[in-house]
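Read through the structure below, which is laid out as structure tokens, and then see the notes.
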Amino acid sequence: MLKLLRRIRYILRATRSDGELREEIEFHRALHVEHLQRNGVDAESARRESVRVMGNRTLARDDARAIWISPWVESVWRDVAYACRLIVYRPAFAVTMIAVMGLGIGATAGVFRLLDNLVLKSLPVPKAEQLVYLEKPAFSYPIFQELKARTGKLFSGVFAWNIDRLSVQWADTLEPADVLMASGQFYQTLGMSAHVGRLFDASDDRVGGGPGGLVAVISHACWERHFASDPSIVGRQIRVDRRAFTIIGVTPSGFFGVAPGLDPDVTIPLTTLSDDATLRSTSSSWLHIMGRVSDVQTLARANAVFAAIWPAVLEATTNKAMPPDRRAMYLGRTTALSPGRTGFSRVRNQFEEPLWMLLGLVGLLFAVACASAGNLLLARGVARRREMALRLAIGASRARLVTQMLIEALVWTLLGGAAGLLGSWWGSSLLVRMMATSSETIVLDVSPDWRVSVFVSVLALIATTLCAVGPAFRATRLDTSAGLRTHGTAGAGLLRRWSSGKALVVIQVALTVLLLAGAGLFARSLQRILAQDPGFQRDGLVVATVDALGAGYSGQRLIAYYDTLLERLRRIPSVESASLSWYPPISDDMGSWTQSIEIDGVPIDMATVKQVYFNAVSPDYIRTLGMRLLSGRDFTDRDTSTAPRVVIINESLARKAFGSLNPIGRKVSVGRNASRKNLEVIGIVRDAKYQRLQEMPRAIAYLPCAQLIEYLEGTNLVAEIRGLPGSEDVGRSAAGEIRAIDRMVPMRLETVDERISTSLVKERVMALLATVLGVSALALACAAVYGLMAYAVSRQAKEIALRLALGAPRAAVLRTVLDDAMTVAAIGIVAGTVSAATLGRFARTQLFEINPLALPSLAGACIVMATVATIAAFLPALKASRIDPVQALKSE
């Protein structure tokens with residue numbers, strides 16, 4: 001170790017060490033000369049004898065240095081120093097190289113950073129590779145209980161969990177927050193211990209709370225944000241969904257649970273907020289289940305054991321009163337164990353495929369950057385032909401020169417990678433903010449770590465290999481005498497002959513066409529989605545989401561609150577109408593309500609109507625949304641809990657369930673709830689989108705809120721507000737009225753257009769980033785075409801001057817240069833079009849009603865590339881046509 005430190009010290013103070021070594025060698029030579037002179041040798045003879053005996057000074061210094069450090073290490077160090085000096089001596093070239101490589105490496109590293117945190121990285125728990133989760137979530141609580149009872153030998157621990165957005169009251173603030181509800185073995189199975197206090201266990205996981213009452217564990221980030229890292233936090237109380245919970249512990253820093261992308265502020269035992277009906281229900285699927293297999297179990301063996309247990313679990317939890325077809329469907333459910341090393345997350349489910357696709361797109365941009373850097377190095381190699389010839393002539397080996405040029409490229413690439421790493425940190429943070437929505441905060445640690453650093457280093461090595469090896473060998477493959485006789489810019493040009501430079505430009509153009517075609521596909525897909533008819537009028541429609549339950553309202557107080565809210569909203573001068581509903585228009589962030597139905601006492605054939613979606617609404621809902629009533633009537637204030645039960649269906653449900661029959665007056669039963677039996681169909685409305693704009697038409701039924709027992713017992717509602725034409729203060733006025741009723745009620749106001757934009761976050765991110773990558777590649781390709789032709793023109797100035805002197809029209813010279821540039825561009829465009837047509841199928845799942853082989857996207861990419869290439873080549877071509885023959889020939 002000391003020897004290594006001494007060698008590092010020698011490298012860092014090489015100049016001083018060389019000076020000391022030179023002085024020491026001269027001192028020994030002087031001693032030898034003095035010794036000879038004392039023995040009677042004259043001064044001149046003594047000096048010559050000393051040189052003969054002790055040898056060449058330079059070789060002596062080299063031999064001495066070799067003792068301290070290997071010659072190749074010193075050689076590499078000198079090459080690195082030389083490359084750094086070139087940044088000062090040739091700043092334009094070096095900065096361009098660093099910028100190009102920084103763009104390619106930074107974009108790739110930024111997407112990899114997100115992909116690594118969301119998809120690839122193991123959970124921050126001990127022995128994460130032993131974790132497994134049940135596929136095809138979610139499951140009911142009875143299934144979890146039955147599994148826990150039957151899998152004691154399979155799992156060393158098993159737990160269930162779910163994340164919900166609930167109202168949490170800290171000291172004096174009430175705000176929505178992600179709350180993790182986990183079964184009692186959650187922390188023990190994961191092998192976690194508390195940073196402060198303790199973590200809950202099975203004794204705390206009981207309805208109504210365990211021996212210590214209702215308890216909660218908060219995250220380390222929450223502890224810092226809300227309690228300033230107070231070590232005496234244990235025993236403090238917070239309110240979750242109106243109930244007081246005692247904080248018993250804080251999780252370790254960096255622990256976010258088992259759902260990458262989410263970092264719940266609060267974790268509570270699973271059953272404490274649940275009621276007996278929910279815990280007994282086998283049709284309510286709301287839990288994810290994970291377990292830890294024992295050390296001796298492999299996944300294949302565990303799956304074999306699990307496959308034998310699963311049918312018995314279903315049989316034990318099935319409802320014997322189910323209709324035969326429903327019971328058969330329940331018993332036919334399948335699942336299996338999957339590796340749980342990386343956890344399970346709805347954020348990952350939403351963004352994993354787009355992130356892999358983005359990684360492919362930034363990989364293409366990285367290849368474009370490598371091609372650009374390769375072209376720069378080719379041009380620099382030709383400009384250094386005289387220098388390389390001189391070095392070869394005085395004895396340098398070709399391998400030594402190639403090594404030096406590779407190290408120069410590697411230094412610039414690493415500097416570009418460092419710049420890209422810093423840029424990727426900012427870009428990753430920006431991308432996380434773009435992925436997040438008002439209803440779901442995404443939490444990912446995008447700070448640099450060793451994994452990303454290694455990834456960037458590997459990219460730098462790959463980039464150096466791709467862009468520098470060829471130019472380095474080409475620059476040193478020359479005739480020494482010819483190289484010494486010519487200047488760097490003399491010699492045969494690039495026009496009308498194939499070259500490495502042209503090949504790299506073709507690659508750039510092809511990859512750029514591929515990226516532009518991808519950007520066009522994603523942009524057209526988003527445009528196609530936005531052009532969908534939602535079935536209601538979007539303009540002037542505002543949605544107010546209020547959490548009255550979280551503010552403490554329940555029962556009759558809750559009903560009175562919403563009655564007051566609706567009355568006050570309708571009194572606003574700029575409001576045309578207002579309504580209430582369980583699910584707002586485009587309810588993507590709030591889920592859905594699906595159940596089976598019967599018509600006149602006969603269950604619907606599942607092959608005809610696979611799923612029926614429901615919504616509970618107030619009178620005026622259809623008018624407020626601007627939906628079209630096709631037949632029958634709307635709900636009115638007379639449709640109360642004591643009035644005959646009614647329902648309105650949409651045209652898809654009417655067509656699928658009733659065929660050519662008139663549904664008006666028929667009886668519909670929803671689920672097995674007695675209060676929803678024999679509902680009379682009183683109207684049919686036009687189809688409207690339920691959760692997302694891109695969904696296919698769904699069978700939807702609307703029920704009056706006032707006739708649902710869930711509303712009477714306590715359920716949050718959403719307000720829809722339609723402003724008068726031209727009114728712009730509807731949202732502000734509505735917010736004032738909501739605050740006037742009760743300022744403590746959490747509230748979020750947004751237009752329907754904003755809700756649509758939020759529901760399309762994945763599509764918007766893909767379209768925006770694909771466009772940015774396409775434009776970046778287009779800029780690099782444009783610069784490559786311009787640089788290639790400008791360089792070719794400068795190389796062939798003499799030939800062009802001779803042609804002009806012999807009478808060639810300047811227009812012909814202009815056409816020759818443009819023809820050469822467009823030939824290169826055309827080959828790249830054709831190659832890019834073929835690649836886009838071949839690879840487009842991989843993007844099919846991310847596109848809406850767009851064929852990856854659609855002509856508009858491919859044609860648009862080709863036209864843009866051809867136009868930009870023509871513009872880029874025109875300036876060098878114009879310069880070539882304006883060459884003064886006399887001046888050009890004089891300079892030659």
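The values are calculated or read from the model by the stated rules, or taken from the named source; none is laboratory data. What you see is a predicted model, and the numbers here were worked out from it, not measured in a lab. Cβ sites come from the backbone with ideal geometry, for glycine too, and all protein chains shown count toward neighbours. For accessibility, only protein heavy atoms count, side chains too; no ligands or nucleic acids. Shrake-Rupley method; radii C 1.70, N 1.55, O 1.52, S 1.80 Å.
Is region 118-166 best put as rounded, prolate or oblate by its Cα gyration tensor, with a ≥ b ≥ c the root eigenvalues, rounded for a/c under 1.5, and otherwise prolate when a/b is larger than b/c, oblate when not? Don't skip to the answer; put the middle values down first.
On the way: a/c = 2.14, a/b = 1.17, b/c = 1.82.
Oblate shape, in that a/c is at least 1.5 and b/c is the bigger or equal ratio.
Here region 611-636 and region 522-542 have alpha carbon centers that stand 20 Å from each other.
Which FRET efficiency, nearest 0.05, do Tyr89 and Glu129 yield, Cβ-Cβ r, R0 60 Å? Can you show the working numbers first?
Numbers: r = 52 Å, r/R0 = 0.87.
E between Tyr89 and Glu129, to the nearest 0.05, is 0.70.
Between region 713-772 and region 223-249, how far is it from one alpha carbon centroid to the other, in angstrom? Region 713-772 and region 223-249 have Cα centres spaced 31 Å from each other.
Nearest 0.05, what FRET efficiency do Asp563 and Ile309 give at R0 = 51 Å with Cβ-Cβ as r? Don't jump to the answer; show the numbers that get you there.
Values: r = 51 Å, r/R0 = 1.00.
So, using R0 = 51 Å, E works out to roughly 0.50.
Modelled spin-label separation between Arg398 and Ala826, with each label point placed 7 Å from Cα along the Cα-to-Cβ direction: 3.6 nm. Once you sort the root eigenvalues of the Cα gyration tensor of region 535-602 as a ≥ b ≥ c, which label holds: rounded (a/c under 1.5), prolate (a/b larger than b/c) or oblate (the other case)? In terms of gyration-tensor shape, oblate. The amide H of Arg243, built 1.01 Å from its N in the peptide plane, has no neighbour under 5 Å, considering only residues 5 or more places off or on other chains. Note the angle between two axes, namely the Cα long axis of helix 500-530 and the longest principal axis of the Cα atoms of the chain, as a number of degrees from 0 to 90, rounded to the nearest 10. Once rounded, the angle reads 10 degrees.
Return the calculated 222 nm mean residue ellipticity for the chain, to the nearest 500 deg cm²/dmol, obtained by summing -39500 (n - 2.57) across DSSP H runs with n ≥ 4 and dividing by the residue count. Present the calculation step by step, with values, prior to reporting the outcome.
Details: 29 runs with 471 residues, N = 892.
The per-residue figure over the chain is -17500 deg cm²/dmol.
Compactness check for region 716-870: Cα Rg over 2.2 N^0.38 Å is 1.85.
Roughly what percent of Cα-Cα pairs across region 604-703 reach past 20 Å?
Details: 1685 of 4950 pairs.
When all Cα pairs of region 604-703 are counted, 34 percent exceed 20 Å.
For region 684-768, the Kirkwood estimate of the hydrodynamic radius, built from every pair of different alpha carbons, is 16.3 Å. Projecting the Cα atoms of Ala519, Ala548, Ala277 onto the charge dipole of the chain (Cβ charges, centred on the Cα centre) puts Ala519 farthest toward the positive pole.
Listed values for region 420-431 are Karplus-derived 3J(HN,Hα) couplings in whole Hz (6.51 cos²θ - 1.76 cosθ + 1.60, θ = phi - 60°), namely x, 5, 5, x, 5, 4, 5, x, 5, 4, 5, 5, and x replaces Gly and Pro. Accessible surface for the chain, divided over its residues, is 45 Å² per residue with a 1.4 Å probe.
Placing one equal scatterer on every Cα of region 83-173 and applying the Debye formula, the log10 ratio I(q)/I(0) at q = 0.14, 0.24, 0.25 Å⁻¹ is -0.82, -1.18, -1.22. Compute the acute angle (0 to 90°) between the alpha-carbon long axis of helix 43-54 and the principal axis of greatest extent of the alpha-carbon atoms of the chain; round to the nearest 10°. The angle comes out at about 40 degrees. Here the mean projected area of the convex hull built on the C-alpha positions of region 199-307 is 9.5 nm². Candidates Ser397, Asn319, Ala688 compared by Cα position along the dipole of the chain: farthest toward the positive end lies Ser397, with charges placed on Cβ. Any idea what angle helix 57-68 forms with the longest principal axis of the chain, computed on alpha-carbon atoms, 0 to 90 degrees, nearest 10? Tilt relative to the chain: about 30 degrees.
So, R0 is 25 Å and r is the distance between the beta-carbons of Glu175 and Ser284; what FRET efficiency does that work out to, to 0.05? Show your work: numbers first, answer last.
Working: r = 27 Å, r/R0 = 1.09.
The pair Glu175/Ser284 has a calculated efficiency of 0.35.
Under the simplified labelling scheme, the Ala735-Ala43 pair shows an inter-label distance of 9.6 nm, with each label point 7 Å from Cα along Cα→Cβ. Less than 5 angstrom separates the built amide H of Leu724 from those of Val575, Glu576, all sequence-distant by 5 or more or on a different chain. Subtracting the Cα-Cα distance of Ser453 and Lys677 from 0.36 nm times their residue separation leaves 74.4 nm of extension gain.
Extending 7 Å from the Cα toward the beta-carbon at both Arg743 and Arg686 defines two label points whose distance is 4.4 nm. Across region 345-350, computed HN-Hα scalar couplings (Karplus, 6.51 cos²θ - 1.76 cosθ + 1.60, θ = phi - 60°) run 8, 5, 5, 5, 4, 6 Hz from first to last residue, x flagging Gly and Pro.
Our Cα-only numbers for region 346-401 put the radius of gyration and Dmax at 21.1, 66 Å. Here is the P(r) of region 131-221: all C-alpha pair distances, binned every 10 Å from 0, give 13, 42, 35, 9, 1 in whole percents.
With the cut-off at 1.5 for a/c, could you classify the chain from its C-alpha gyration tensor as rounded, prolate or oblate? In terms of gyration-tensor shape, prolate. Per the Cα gyration tensor, region 337-467 maps to an equivalent ellipsoid with semi-axes of 42, 14, 13 Å, ordered largest to smallest.
If you roll a 1.4 Å probe over the chain with all protein chains in place, what percent of the accessible area is carbon or sulfur? Don't skip to the answer; put the middle values down first.
Working: 23580 of 40410 Å².
Answer for the chain: carbon and sulfur cover 58 percent of the accessible area.
When nucleic acids and ligands are ignored and a 1.4 Å probe is applied, Phe256 ends up with an accessible area of around 60 Å². On full extension, the segment bounded by Leu855 and Phe842 gains 3.0 nm, given 0.36 nm per residue less the C-alpha separation. Here, P(r) means the percent of Cα pairs in each 10 Å bin from 0 to the largest distance; for region 526-565 it is 22, 31, 20, 22, 6.
Rounded to the nearest whole Hz, the Karplus-based 3J(HN,Hα) values (6.51 cos²θ - 1.76 cosθ + 1.60, θ = phi - 60°) of region 219-225 follow the sequence 6, 4, 5, 5, 4, 6, 6, with x at glycine and proline.
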